[in-house]
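Trainee: Quick one: the structure is below, and I'll ask about it shortly.
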Amino acid sequence: MNQWLDERLHISRLNDKFLRKAFPVHHSFFLGEITLFSLIILILTGILLALAYEPSNSLVTNSFDPGTADKPNLIPAAYHSALKINAMPFGDMLRRIHHWTANIMVAAAVIHMMRIYFTGAFKKPREINWWIGMLLLIFTALTAVTGYVLPYDNYAYNTLKVIYGIAASVPWVGEWVAQAAFAGKFPGAGVIPRIYGYHIMLLPGILLALTGAHMLLMIKQKHTQPQYAKRLAYKKIVGVPLSTQQTPIMLLLAIMFAAIIVLFSAFIPVHPIEFFGPPSTTPINNIKPDWYLLWVFGALAIIPSFEVHLFGGLIGAEFVGAIILPTVFLLAMFAVPMLDRSKDNMYYAENPTNHPVRLAAGVAFMASLIVMSVAGYKPELISSGILNTANANTVLWIALFLVPALSYFGVMGIVRGIRSLREADERERGAFSPADD
Ligand code: HEM
């Protein structure tokens, strides 16, 4: 059988080229794999959800509460189909698994990215994979947001209104961009079919293409090696081959991961669409995006409102807070590989404490995102009495500069302490040698 297939498909060449690839044995390398498993679970559960979801915001009679012949209870078809999915056996569970996996995929991608950053794995020759990874992160978040609004309950409707407003805030071309993206003026009849198209075709297509490129590059350039590989066989690839050793490890991890998500979904419900009801004119207080976009929301909350008219266009706080500021942050992240000027290829994952400035700058960057996310809770901070309307913006702005600065110097101090302890320890053992990179 093997020979028959080989003569036709040259399987042995595939085996030599890809399936013998050595995988380093280290738990931190599972983070990319968890992101990959999440994508697979999302595609499978998404296909099942698509069998019952109706991508339309045309009004239909609510079959759960039809109203009267004179006054039928009309609700958008998309919202109605989400209610119907919730009422099906395992329908609610399917929505929960899809929802929680989306959140876990974003979280896993962020933690995977932190591993790459803090161990210097973005350095030559892996810069291109860092940039592809950045695109993966952006498109993962976009896919999650477009899915979030599909049930078209009042919360989703109000969220869409905010996103439409942000797109329309771009000077000169904003209204045109918003109408092109949302199939007309919000909330036009085509809005849900258009977002559904993004969510199930365009964005997953982009994600799959980028993931394919990410994996091919990783196979071509090989993983960075953990430090123990340096001591075992210098500049040689140390690891277990994909076929057959790494595959069962990955399968086991995938099964455990799927089991954890199912368990999690069984106990933790998702956003209650029945509670918010269909779109209505009743505004929802304190509407918030998911956690990974809360920092943008926080920036919007603390930027003082202003308007500048320039060449017939309007530059306002919404544009600066929700578009310019996130663009600056994302560009800084894209620029990370350019900070390294070394000409040599890097082989070994670096010890973060041997690169204190990079470590401290990364922690300070994350601290600024956390402070901005906390600013997203400004109304709650005021209503609970921690801040008041008069001082909230000032306190949050000071925190935005102070917390990252303190984090930076705090990390530098801790690293200095760790390194002097390590060096003293090595001197005591009489075997002083520069620490592993
Ligand atoms: C969102 C979807 C993503 C998926 C499915 C994914 C998947 C993977 C996998 C499976 C690996 C190999 C295992 C590992 O090193 O953990 C990997 C490696 C890598 N990823 Fe990602 N990744 C994603 C996002 C990102 C992001 C956001 C970045 C950074 C901006 C990134 C940069 C890299 C780099 C540079 C490598 C090579 C690491 C090395 O050789 O040590 N990836 N990715």
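Trainee: Just want the answer: with Cβ charges of +1 for Lys and Arg and -1 for Asp and Glu, which residue in ILE260, PRO356, SER81 is farthest toward the dipole's positive end in the chain?
Mentor: Of the options given, the answer is PRO356.
Trainee: Order these peptides, 84-95, 345-356, by their mean beta-carbon neighbour count within 10 angstrom, highest first.
Mentor: Going by the mean number of other Cβ atoms within 10 Å, highest first, we get 345-356, 84-95.
Trainee: Let me ask something else about it. Let me have the relative contact order for the stretch 157-315, percent, based on Cα pairs under 8 Å that are six or more residues apart.
Mentor: 28
Trainee: With +1 assigned to the C-beta of every Lys and Arg and -1 to the C-beta of every Asp and Glu, and no other charges, what is the dipole magnitude of the stretch 20-275 about the Cα centre in debye, to the nearest 20?
Mentor: 1640
Trainee: Sticking with the crude label model, points 7 Å out along Cα→Cβ, report the distance from GLN227 to TRP291 in nm, one decimal please.
Mentor: 2.9
Trainee: Rank-order 333-342, 16-25 by packing density, defined as the average count of other C-beta atoms within 10 Å over each peptide's residues, highest first. Kindly include the intermediate steps, with their values, before the conclusion.
Mentor: Details: 333-342: 12.9, 16-25: 15.0.
Highest mean packing first, the order is 16-25, 333-342.
Trainee: Now for a separate question. So how strong a dipole does the chain carry about its Cα centre when Lys and Arg Cβ are +1 and Asp and Glu Cβ are -1, to the nearest 20 debye? Walk me through the numbers on the way to the answer.
Mentor: On the way: 32 positive and 25 negative charges, 288 e Å.
Charge dipole, the chain, about its Cα centre: 1380 debye, nearest 20.
Trainee: So for each of 203-209, 413-419 I average, over its residues, the number of other beta carbons within 10 Å; can you give me the resulting order with the highest mean first? Walk me through the intermediate numbers first.
Mentor: Numbers: 203-209: 15.6, 413-419: 13.7.
Going by the mean number of other Cβ atoms within 10 Å, highest first, we get 203-209, 413-419.
Trainee: Averaging over every viewing direction, what projected area does the convex hull of the Cα atoms of the stretch 20-275 cover, in nm²?
Mentor: Value for the stretch 20-275: 16.8 nm².
Trainee: Another question, if that's okay. Could I get the Rg over Rh figure for the stretch 101-143? Both from C-alpha atoms, Rh via Kirkwood, rounded to two places.
Mentor: Radius of gyration relative to Kirkwood radius: 1.00.
Trainee: Could you name the aspartates and glutamates in cross-link range of LYS17, using Cα to Cα under 19 Å and dropping any fewer than eight places away on the same chain?
Mentor: Partners found: ASP6, GLU7.
Trainee: Give me the distance in nm between label points sitting 7 Å out from Cα along the Cα-to-Cβ direction at LYS235 and ALA254, one decimal.
Mentor: 3.6
Trainee: Now, a different point. Please compute the Kirkwood hydrodynamic radius of the chain from all pairs of different C-alpha atoms, in Å with one decimal.
Mentor: Hydrodynamic radius (Kirkwood, Cα pairs) of the chain is 25.0 Å.
Trainee: Amide H of TYR348 versus every other amide H placed in the peptide plane: which residues, excluding those fewer than 5 positions away on the same chain, fall under 5 Å?
Mentor: Those lying under 5 Å, H to H, from TYR348 are GLN225.
Trainee: While we're here: So for the pair ILE268, ILE11, with labels modelled 7 Å out along Cα→Cβ, what separation do we get in nm?
Mentor: 4.2
Trainee: Counting only the backbone N, which residues of the stretch 128-142 are under 16 Å from the spot 7 Å out from the Cα of VAL177 toward its beta-carbon?
Mentor: Backbone N within reach: 142.
Trainee: Answer with one residue from VAL238, VAL328, TYR377: the one whose Cα lies farthest towards the positive end of the charge dipole of the chain, charges on Cβ with Lys, Arg +1 and Asp, Glu -1.
Mentor: VAL238
Trainee: For PHE23, enumerate residues with amide H under 5 Å from its amide H, sequence gap 5+ or separate chain, H modeled in the peptide plane.
Mentor: VAL240, LEU242
Trainee: List the lysines whose alpha-carbon lies under 25 Å from that of LYS288, not counting same-chain residues fewer than 8 positions away?
Mentor: LYS161, LYS185, LYS378
Trainee: Oh, and also: For the chain, what is the mean residue ellipticity at 222 nm derived from helices alone (per DSSP H run of n ≥ 4: -39500 (n - 2.57); sum divided by total residues; nearest 500 deg cm²/dmol)?
Mentor: -19000 deg cm²/dmol
Read-outs throughout are calculated quantities, based only on the coordinates presented, and are distinct from any laboratory measurement. Remember, predicted model here, so these are calculated numbers, not experimental data. Because the Cβ atoms are built from the backbone with ideal geometry, glycine has one as well, and the counts that use them run over all protein chains shown.
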